[in-house]
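Below is one structure; the comments refer to it alone.
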Amino acid sequence: MARGNFSRVTEFILLGLSDTRELQLLFFTLFLLAYAMVLLGNLLIIVTVRTDPKLSSPMYFLLCHLSFIDICYTSVTSPKVLVALLLGHRAIAFEGCMAQLFFLHFVGSSEMFLLTVMAFDRYMAICRPLHYTAIMARGACWALVAACWVGGFIHSIVQTLLTLQLPFCGPNVIHSYFCDVLPVVQLACTNTTLTEWLMASNSGLISLGCFLVLVASYTLILAKVRAHLSQGHWKALSTCASHVMVVTLLFVPCILTYLRPAGTLPSNKYVCVIYTTFSPMMNPLIYTLRSNEVKESMWRLWKRCRA
């Protein structure tokens, strides 16, 4: 059938997480608390790092940007989810769906690249300490952060253009609580096998590639620490442990979700909650609880605010 014979879908219906009203209210409460923790926790980290000169090292510079990305990332999906759970408004315009898809992958892939940069920062600090200051200068850090955003944009625009070129004539029900490439592509009125493989190669291989680089970095760091046991190295290893927790929460669900074409396995929208909501919520807790410097700086900021 020619593409011109299709009547284009103007909106999609998001099924959400549950049809039971009691569960919807429970999910609304949990998502609201999680979103509030993401906003408040990451804003606190940004303010703390920006106002304390003692937190001027590249690690905290990158942490500040990670907090900003987490706020943007969860804000792509959480407001729409909260409105749908509370008021039952599950419809989303076609343009809004494509925008949500674009920004989700733009910010999400930028976070993956940034976490990879943070692992490189820890590797240089522990394994190449004599060259660390020169390599991780402030200009280099800004260039690495900019590269993360550019890489995220390129990845996302490819995903979005692959989706936009598909014809959508119905059905328009998305079996998820947000617009993502896999559930949206399954609604196209054409054979999407090639598109699905291209998207799996794009999103899946980026997730897997960054994850393997991170694993290699932490393996080298662990080998270095075991060979040179000292208080400074154990402190660095403690910092890396928090990074590993973030990496596990974000990358493993993404690899399981995206490293396959749509329809090969049933999608699990509850798995998506881990990397869209739970991971950004845990970042402030992990980094503040594992870093005495950040906790001490927050305490000083609290005393200044009370004075």
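Some values worked out for this structure:
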read-out: Residue 154 accessible area, 1.4 Å probe, all protein chains in place, Å² to nearest 10; value: 90 Å²
read-out: Long-range amide H partners of residue 11 with built H, under 5 Å; value: 94
read-out: Principal-axis tilt of helix 138-164 within the chain, Cα atoms, nearest 10 degrees; value: 10 degrees
read-out: Acute angle (nearest 10 degrees) that the helix 193-227 long axis makes with the longest principal axis of the chain, alpha-carbon atoms; value: 10 degrees
read-out: 25 Å Cα-Cα reach of residue 303 towards lysines, excluding residues that sit fewer than 8 places from it in its own chain; value: 54, 295
read-out: Whichever lysines have a C-alpha closer than 19 Å to that of residue 80, once near sequence neighbours (fewer than 8 apart) are set aside; value: 269
read-out: Per-selection metrics, region 11-297 (Cα): Rg and Dmax in Å; value: 19.9, 64
read-out: Order of exposure, largest accessible area first, which applies to 254, 72 with probe 1.4 Å; value: 72, 254
read-out: Accessible surface of residue 287 - all protein chains present, 1.4 Å probe, nearest 10 Å²; value: 20 Å²
read-out: Expected 222 nm ellipticity per residue - DSSP helices of 4 or more, -39500 (n - 2.57), all of the chain, to 500; value: -26000 deg cm²/dmol
read-out: Accessible area (Å², per residue) of region 11-297, counting only protein heavy atoms and a probe of 1.4 Å; value: 44 Å²
read-out: Rounded, prolate or oblate (a/c below 1.5 giving rounded, otherwise prolate when a/b exceeds b/c) for region 1-89 by Cα gyration tensor; value: oblate
read-out: Karplus-derived 3J(HN,Hα), 6.51/-1.76/1.60, for each residue of region 56-68, Hz, glycine and proline x; value: 9, 6, x, 4, 6, 4, 5, 4, 4, 5, 4, 5, 5
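The values are calculated or read from the model by the stated rules, or taken from the named source; none is laboratory data. All values derive from a computational prediction rather than experimental measurement. Surface accessibility is based on the protein's heavy atoms, side chains included, excluding ligands, DNA and RNA. Shrake-Rupley method; radii C 1.70, N 1.55, O 1.52, S 1.80 Å.
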